[in-house]
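*Asks:* Here's a structure for you.
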Amino acid sequence: MERDLWLLWAALAISLYYLMHFLRRPSGNGRQPPGPRPLPVIGNLLDLRRGNLHHTLAHLARVHGPVMLLKMGLTTTVVISSRDAAREAFTRHDRRLAAHTVPDSVRVPGFFDRSLIWLPSSDQRWKTMRSIVATHVVSPRSLAMVRSVRERKVRDLVSYIRGRAGQELDVAQAVYGGVTNLVSNTFFSVDVVEVGAQSTQGLQHAVEELIEHMNKPNVSDLFPLLRPLDLQGRRRGATKVYGKVFRVLDDMIDRRLSEASSSKTKHHDDFLDVLLQLTSTGTITREDLLRNPGIMAKVRAEIEDALGGKEEIEETDATRLPYLQAVVKEAMRLHPVGPILIPHDAVEDGVEIKGYTVPKGCSVIFNVWAIMRDPAAWERPDEFAPERWFLNGTAEVNFRGKDFEFIPFGSGRRICPGVPIVERVLPHILVSLLHAFEWKLPNGMSAEQLDVNEKFTTANVLAVPLKAVPTPPGPRPHPFIGNLLHLRGGNLHHTLARLARIHGPVMRLKLGLTTAVVISSCDAAREAFMRHDRRLAARAVPDATHAFGFADRSVVWLPSSDPLWKTLRGVVASHLFTPRSLASARSVREHKVRELVSYFRERAGREVEVGHAVYGGVLNLVSNVICSVVVVDIGADSATGLRKVVEDLVELI
């Protein structure tokens, strides 16, 4: 009986909210972005029901245009799907769009309101944390300080693979573990995973569990009126996982303090984001090379000419390999780690992209998968062609978000602060593995049989709490569920890209009772980041992250206008990612990389799950850099300890 009363209350609340939402829609004098016609209550959720979201959005953008409006339940989203629209957004409205849409799952007290990711960029805490990251974490001096740590972890990864030479190896799992240990050693001086392990454990498992909570569609984000009920338990589940993560991290810090170490441990809430970017991109890069043996031969020839018989590869060696750098950028262009950026919020009126008005309170989605395949920016955009990076000055294009045809880590004030680490570690790992081994596909598999299609895992695309606004184009939504059915089947980013080809690079979708705008072109992304960065700087906070006060204390989920976000961002910029900080830990990183390489070397000739091994290696690298401890057994078959906690957390989100 009680359950029936709750359902009745929920139905009445939704109906009342929808009626008020309809009656109070702003008339607006601006031109509304086109988009598919939404259904009552659910908006465009059914338009998003098939395939990967970024593919679906790109498909809709081709119909409705590069600036498209979608209704996600009772919220509104604008999708940007072209280079020109992205340029306009980032150059003209960077401040207005600098906020991130905060998913309800991350609205954990003490997390999202103290997170560099979720705090608004106008918040003093965000400015402080961003400054700390820029000054002490990713500055050239900081990166140089920990260079030896990164190089050591890459050598560890190579050693692991060498130990399995001749065997079928899960490269992705090995590299994932290796990169995880690299990052953990960079920040904690400990290994947190066992490279090559078949299952996750500890912190890694908790983080993966948390990400899972954030990735799943959440009714609380689509219908904000139901947020207090947490009907799917996303926030409650995330709260438990946050507790695990905090306990593991607290234990690391307590051990360091008890050892009376002279070094100062710094905690960076976003180190996992850097880990995933390094891991996923590295795996895709190698798969692209296996599918293109001619390009693989060119890369190996360049490595041989430049490095010869050098046994231990250093980070600086990769800077002498322009073709390898082009391969890395081309792989990231085709297969961005996050095919859809964390949704931005328009925090002010006055955002206009490609002639369309994006009203205050609307969520803006940048479909970077579509933006970096924009035919207006690239010839043969779907082809893997590293040579394109040597034409027409494209060799100068980098990861820094200034060239809107290539923004794998975003642009503007909410660009990923870990870009300097990615630029150093990813080429180093790739050149180390290609230099040490000959690679071939197992069981007579041909290059054409290798599947490089992505699995969409980016959080918060189906969870964007928004308000009713004038709509960009988009697929017609169904009642109540909106465009959810349009997103079913396949990877989300593929689905969004397919929809963007129909509805345009700025496309509106209805996800339940929320509205999302998907951006799928370079121009739309440029406009969003350059003109509305501040307005779109807020993040959509998944409900699962509102556990233990996590979302309101996280640099990830706090709005950029929050003083705590500014403080955290400043701390990261000033003390974690500075050239000095990174340089001081370089030997630790290099040592962990060497350990990973040694692990592979010991298994030469045998089948090795590369992704698992690399994942463990990277976790140990990060843990050694930060805490000087190994937290993961690279060869373990199951996840324990910190790795398990991280994977549990990722799964929840």
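Where a number appears in this text, it was derived from the coordinates with a stated rule and is not lab data. All values reported here derive from a predicted model rather than from experimental measurement. Ideal geometry is used to build each Cβ from the backbone, glycine not excepted, and the neighbour counts take in all protein chains shown.
*Asks:* If packing is taken as the mean number of other Cβ atoms within 10 Å per residue, what is the order of 379-385, 207-213, 235-241, highest first?
*Replies:* 207-213, 235-241, 379-385
*Asks:* Then there is this: Could the peptides 557-567, 495-505 be put in order, highest first, of the mean number of other beta-carbon atoms found within 10 Å of their residues?
*Replies:* Descending mean neighbour count gives 495-505, 557-567.
*Asks:* Across 5 Å bins from 0, what is the distribution of all Cα-Cα pair distances for region 28-178, in whole percents?
*Replies:* Pairs per bin, as whole percents: 2, 7, 10, 11, 11, 13, 13, 13, 10, 7, 3, 1, 0, 0.
*Asks:* While we're looking at this one, here's another question. Of Asp349, Asp523, how do they rank once you tally other Cβ atoms within 10 Å and put the fewest first?
*Replies:* Details: Asp349 16, Asp523 30.
The order, fewest Cβ neighbours first, is Asp349, Asp523.
*Asks:* Please report the spacing between the Cα centers of region 495-538 and region 82-126 in Å, no decimals.
*Replies:* If you average the Cα positions of each part, the centres end up 15 Å apart.
*Asks:* Could you put Arg162, Arg553 in order, starting from the residue whose Cβ has the fewest other Cβ atoms within 10 Å? Show your work: numbers first, answer last.
*Replies:* Working: Arg162 22, Arg553 25.
In increasing order of surrounding Cβ atoms, one gets Arg162, Arg553.
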